[in-house]
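Each remark here refers to the structure printed beneath this line.
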Amino acid sequence: MQFVWKLKPFNRLLRDKIAAELRISSVLATLLVNRGAEDPESARRFLDPQLEHLHSPFQLVDCDRAVERILVALDAGQPIAVLGDQDTDGVAATALTVRTLTDLGGKVSYYIPDRMKEGFGLGKTSIEMLAQRGAKLIVTVDSGMSNHDEVSYAKKLGVDVIITDHHQPLGSLPSALAVVNPLRDDCPYPFKGLTGVGIAYKLSQAIAMRKLDISASQWYGVTEDLLALLLVGTLADRAPLIEENRVFARYGIHALMRTFQPWAKTVSKVTGAGLDHRSSSSLFSSIIPLLSAGRSKGGANPACELLLTDETDQAEQLAYELFEASRDWYERAKGAYDRLQARQQEDPSLKVIITIDERVPVDVLGYCANRLKERFLRPAVVIGFAGDRAIGEIRAPSEPGLLDFLKDCDDLLLDYGGHKAAAGFSLERQNIGEFAARLTQYAERWDHGTSPTLEIDKELSQADLNPEMIQQLRTLAPFGEGNPEPLFLTRDVYVAKQDGGYRILGSNLLLEERRPGLPWPYPLDEPVKVDIVYLVDESGRLLLKDFRATERHCSP
């Protein structure tokens with residue numbers, strides 16, 4: 001697949017000002033501008049994120065009301081149920097909230113619905129079960145924004161509901177006792193990119209500060225183990241690693257290295273993942289897939305049990321079971337994607353890919369939709385079935401307004417939710433045809449290119465490629481959404497392919513392949529003059545993304 005190379009535009013005056021005031025290289029200053037730095041102070045905070053930079057949780061609308069009701073429950077010994085979601089963000093948010101409330105003396109249980117049987121978020125089945133167990137208060141995490149009827153049903157059973165969620169509100173808010181979500185139109189909270197576990201952390205902080213009469217700094221000092229949970233959920237949900245999320249990620253990685261929590265030690269042992277102090281990639285490749293493999297049954301979830309247990313033997317057993325489940329999940333997901341991808345035809349006129357398949361397991365729909373999106377560079381919808389109900393996942397390469405479309409289809413859908421570029425839904429079988437027709441028509445307003453683009457941060461000379469520069473670039477870690485690995489272009493360099501990589505003549509630097517099977521149409525060990533596009537990863541490695549015979553072919 002041919003890449004389009006495009007140099008990112010940037011504000012040179014701002015770059016120079018940041019470089020001068022922070023006494024850093026113009027290359028590093030350029031990268032900071034490209035990542036949203038608006039002045040030297042915001043650039044300084046990006047390079048040196050601190051817990052003290054975090055906003056007060058009480059800036060979240062309804063946080064006070066939520067804290068007040070939870071404190072009543074804690075003081076009166078009322079049973080509290082935490083209702084989460086089956087993905088890693090939801091599981092981490094559930095475990096974090098349960099741990100906090102338990103440590104504060106609460107009678108706490110949790111419930112994570114089985115998506116395949118119960119759908120997303122708060123459901124009547126879960127409400128009835130929790131009410132039978134004696135719960136007088138349900139606190140949702142990473143879910144609840146579309147559960148209007150369910151909240152009303154809980155009220156009839158005498159159960160109060162507090163919603164904490166980070167998904168986009170869809171019209172009016174549920175009539176819960178409190179709705180804590182920074183995306184509310186009336187919420188002045190400065191950072192809108194919190195995950196479900198991020199909001200759970202904020203609420204937990206607010207409860208502890210009021211209950212124990214402690215300051216924010218005192219809270220930070222005694223909750224390092226929670227930062228490890230916060231890290232896992234934030235990375236798993238691919239939240240932008242900027243502002244508060246960057247603080248969470250930087251401190252969370254250090255916390256993960258130091259924690260004695262059984263879940264962290266056993267997961268590292270089972271997966272063989274080293275907890276490198278700057279590596280978010282090891283989490284994506286090992287720990288997060290394991291935690292995402294947990295399937296709920298009767299409200300219990302093995303991944304959540306792993307995060308909650310204090311027993312090493314139980315943690316090891318759960319970790320090994322989840323590891324096997326994650327391997328099985330990957331094989332099923334890859335098999336389903338390969339089959340779906342083989343059926344697709346290259347048709348540039350298609351604005352959206354819609355695939356309906358009885359055989360696709362419901363728990364791999366999101367994976368398949370995401371892979372199809374990446375392969376064909378346009379929104380992809382994959383619909384599978386759980387009994388008589390159709391379940392779908394949509395992924396888009398940008399933000400075409402998926403939730404706006406789903407809202408327009410409210411008359412067809414049983415439930416739906418998500419974000420602007422990633423969403424899920426369910427509907428009756430008989431409504432699939434009408435849904436697909438509406439989506440095809442709606443997609444005509446979307447305009448996605450048919451060639452992948454490499455957004456290049458800066459052009460560097462070969463002289464710029466030195467160990468000191470590479471070490472400077474590592475200060476930008478951890479990398480992820482909103483803070484990608486720096487991508488560079490260097491022209492007119494002599495490169496020779498060797499076993500395992502590429503040697504740059506005139507330097508001691510080696511390039512490794514980022515794209516497996518990247519074709520190299522030249523003899524082995526023969527120096528060739530090329531232009532190269534490459535990135536620098538968290539460990540300081542140079543990874544080749546693309547190359548071309550030397551000529552001028554990069555868009556300004």
Checklist outcome for this item: Sole miss for Ala178 among (1) crowded, with 22+ Cβ neighbours inside 10 Å; (2) modelled with pLDDT of 95 or more; (3) closer than 22 Å to Gly298 by Cα is condition (3)
Item to check | Selection from region 359-402 of residues that are surrounded by fewer than 21 Cβ atoms within 10 Å (Cβ to Cβ) and over 17 Å from Tyr337 (Cβ atoms) | outcome: Phe385, Ala386, Gly387, Asp388, Arg389, Ser398, Glu399, Gly401
Next on the checklist: Quick test of your reading of the structure: Leu226 fulfils all but one of (1) surrounded by fewer than 20 Cβ atoms within 10 Å (Cβ to Cβ); (2) modelled with pLDDT of 90 or more. Name the failing condition by number.
Outcome noted: (1)
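Can you tell me how many residues within region 150-178 are touching a Pro at 6+ places or on another chain (Cβ under 9 Å) and of a type outside the set (S, T, N, Q)?
Selection size over region 150-178: 5.
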Next on the checklist: Being exposed (fewer than 15 other Cβ atoms within 10 Å of the Cβ) and assigned to a loop (DSSP other than H, G, I, E, B): is that true of Gly134 here?
Outcome noted: yes
Item to check | Meets criteria (more than 30 Å from Arg395 (Cβ to Cβ) and either β-branched (Val, Ile, Thr) or modelled with pLDDT under 95 (or both)) for Arg210 | outcome: no
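Identify, from the list Thr259, Thr266, Thr271, Thr309, the residue that is modelled with pLDDT of 95 or more and β-branched (Val, Ile, Thr). Step through it out loud before you land on a result.
Numbers: Thr259 fails: modelled with pLDDT of 95 or more; Thr266 fails: modelled with pLDDT of 95 or more; Thr271 fails: modelled with pLDDT of 95 or more.
Residue meeting the stated conditions: Thr309.
From Glu38, Glu68, which residue is closer than 18 Å to Asp160 by Cβ and not aliphatic (A, V, I, L, M)?
On the way: Glu38 fails: closer than 18 Å to Asp160 by Cβ.
Step by step, each of Glu38, Glu68 is checked, and only Glu68 is closer than 18 Å to Asp160 by Cβ and not aliphatic (A, V, I, L, M).
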Checklist entry - Does any residue of region 190-209 turn out to be assigned by TED's automatic domain parsing to the domain that holds Arg69, over 20 Å from Asp89 (Cβ atoms), among the small types (Gly, Ala, Ser) and in contact with a helix residue (DSSP H, G or I) (Cβ under 9 Å, 6 or more places away or on another chain)? => result yes
Item to check | region 410-422 residues that are not assigned by TED's automatic domain parsing to the domain that holds Asp142, paired with ones that are aliphatic (A, V, I, L, M) and part of a loop (DSSP other than H, G, I, E, B) (beta carbon under 9 Å, 6 or more apart) | outcome: Asp410/Leu170; Tyr416/Leu170; Gly417/Met145; Gly417/Leu170; Lys420/Ala396; Ala421/Ala396; Ala422/Ala396
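Sort out which residues of region 500-539 are in a loop (DSSP other than H, G, I, E, B) and free of Cβ contacts under 8 Å to residues at least 12 places away in the same chain, and write them in order of number. Steps first, answer last, please.
Of region 500-539, the ones in a loop (DSSP other than H, G, I, E, B) are 500, 505-509, 514-527, 537-539.
Residues satisfying the conditions are Asn508, Pro516, Gly517, Pro519, Pro521, Pro523.
Here's the yes/no breakdown for (1) more than 28 Å from Ala236 (Cα to Cα); (2) in contact with a helix residue (DSSP H, G or I) (Cβ under 6 Å, 6 or more places away or on another chain); (3) not small (Gly, Ala, Ser):
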position	(1), (2), (3)
Arg395	no, yes, yes
Tyr416	no, yes, yes
Ala421	no, no, no
Gly433	yes, no, no
Tyr442	yes, yes, yes
Pro452	no, no, yes
Gln462	yes, no, yes
Met469	yes, no, yes
Gln472	no, yes, yes
Item to check | Residues of region 72-91 that turn out to be surrounded by 15 or more Cβ atoms within 10 Å (Cβ to Cβ) and outside any loop (DSSP other than H, G, I, E, B), as a count | outcome: 11
Checklist entry - Among the listed residues Val528, Val533, Val495, which satisfies the condition of being surrounded by 16 or more Cβ atoms within 10 Å (Cβ to Cβ) and touching a Lys or Arg at 6+ places or on another chain (Cβ under 6 Å)? => result Val533
Checklist outcome for this item: Within region 30-52, the count of residues that are out of contact with any strand residue (DSSP E or B) (no Cβ under 9 Å at 6 or more places or on another chain), under 30 Å from Ile456 (Cβ atoms) and assigned to a helix (DSSP H, G or I) comes to 9
Checklist entry - Quick check: anything in region 269-276 assigned to a helix (DSSP H, G or I), closer than 19 Å to Leu227 by Cα and not aliphatic (A, V, I, L, M)? => result no
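In this structure, is Thr490 at pLDDT below 80 and either farther than 26 Å from Ala236 by Cβ or part of a strand (DSSP E or B) (or both)?
No: the conditions fail for Thr490.
So which residues in region 416-457 are of a type in the set (D, E, K, R) and in a loop (DSSP other than H, G, I, E, B)? Don't jump to the end; show me each part of the working.
Going residue by residue through region 416-457, those that are of a type in the set (D, E, K, R) are 420, 428-429, 434, 438, 444-445, 447, 455, 457.
Once the filter is applied, which keeps residues that are of a type in the set (D, E, K, R) and in a loop (DSSP other than H, G, I, E, B), region 416-457 yields Lys420, Asp447, Asp457.
The values are calculated or read from the model by the stated rules, or taken from the named source; none is laboratory data. Given the structure is predicted, the values throughout are model-derived calculations rather than measurements. Positions of Cβ are backbone-derived with ideal geometry, glycine not excepted, and every protein chain shown enters the neighbour counts.
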